[in-house]
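Asks: Dropping a structure here in structure tokens format, bear with me for questions.
Throughout, read-outs are computed from the coordinates displayed, never taken from laboratory work. Just so it is clear, the model here is predicted, and its values are computed rather than measured. So basically every Cβ, Gly included, is an ideal-geometry build from the backbone, and we count neighbours across all protein chains shown.
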Amino acid sequence: MTRLSATFAAAARDHRAALVAFVTAGDPTPAATPAILDALVAGGADVIELGMPFTDPMADGPAIQAANLRSLAAHTTTADILAIAKDFRARHPAVPLILMGYANPMLRRGPDWFAGQAAAAGVDGVICVDVPPEEDDALGPALRDAGLDLIRLATPTTDVARLPAVLDGASGFIYYVSVAGITGLQQAAQGSIDEAVARLKQSTDLPIAVGFGVRTPEQAAQIGRVADGVVVGSAIVELVGQHGTAAPAAVTPYIRSLADALASARTFA
């Protein structure tokens, strides 16, 4: 059993959705990121998504765009990100860690190099936003050969004809992007999320985690009643942008509020 499968299974046994928390590596600086990651874990995050900064984060809204720019201004490199991951794994041996980003930083040295380095650093899986399943051979075989999960994205426009391609070769979990847009600016109606999760569960046994636009404990709880995981990113990144190196003190209680909401969501469903 992988760290990801074990974590989702443990959350299911606790009758709750897993909390998946995203931050951008190197924001505000590479040296500050480890304490922010520790704050996520201390607050109760089950899975960590570590964003790889990129100059053209086309799926991301203003908050994560700004985080990318802050990180790049701090001269964050792929080597820095891998070092952050390796150190995280030493401190938190059981917490799944995912790298999320875009193809250019992942592929510029070749897929085998990236997959091997990520695996050696203790990374569990990868989300590559701009490599569609139809182009799986660009990265997928290298990740699978290295023992890494390739986490695929499904969206409101993923119809029944395309869904098999999305699921083919996917592992870890399916990330359902609940809005047809960029991160952080809007949230889908709960009814549409309920329908989408039910439809995905008819086609796969992989856990379904829902993200984009989740900010409040109340929103997280609503989604957590039907999904296997809830992804929160922009709201955390905004706290980092507001507080800088002092962000851990603000991040931990915010994450705790989300984790507490998910722990009780199904009790009151």
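Asks: Per 5 Å bin from zero, what fraction in whole % of the C-alpha pairs of segment 48-125 is there, up to the bin with the longest pair?
Replies: Reading upward from the zero bin: 3, 15, 26, 25, 18, 11, 1.
Asks: Extent of segment 1-93 along each principal axis, from alpha carbon coordinates, in Å, largest to smallest?
Replies: Result for segment 1-93: principal-axis Cα extents of 43, 29, 22 Å.
Asks: Whole-Å semi-axes of the chain's equivalent ellipsoid, largest first, each the root of 5 times a Cα gyration tensor eigenvalue?
Replies: 25, 23, 17
Asks: Hey, for a label at residue 165 modelled as a point 7 Å past Cα toward Cβ, could you say which residues of segment 120-137 have their backbone N under 15 Å away?
Replies: Residues passing the 15 Å test: 130-137.
Asks: While we're on this one: What per residue convex hull volume, in Å³, do the alpha-carbon atoms of segment 139-269 yield?
Replies: Values: hull volume 17.4 nm³, N = 131.
Expressed per residue, the convex hull around the Cα atoms of segment 139-269 is 133 Å³.
Asks: Quick one: what Rg and Dmax do you get for segment 66-179 from the alpha carbons, in Å?
Replies: Over segment 66-179's Cα set, Rg and Dmax evaluate to 14.6, 43 Å.
Asks: May I pose another question? Express in whole angstrom the spacing between the alpha-carbon centres of segment 190-269 and segment 1-18.
Replies: Cα centres, segment 190-269 to segment 1-18: 15 Å.
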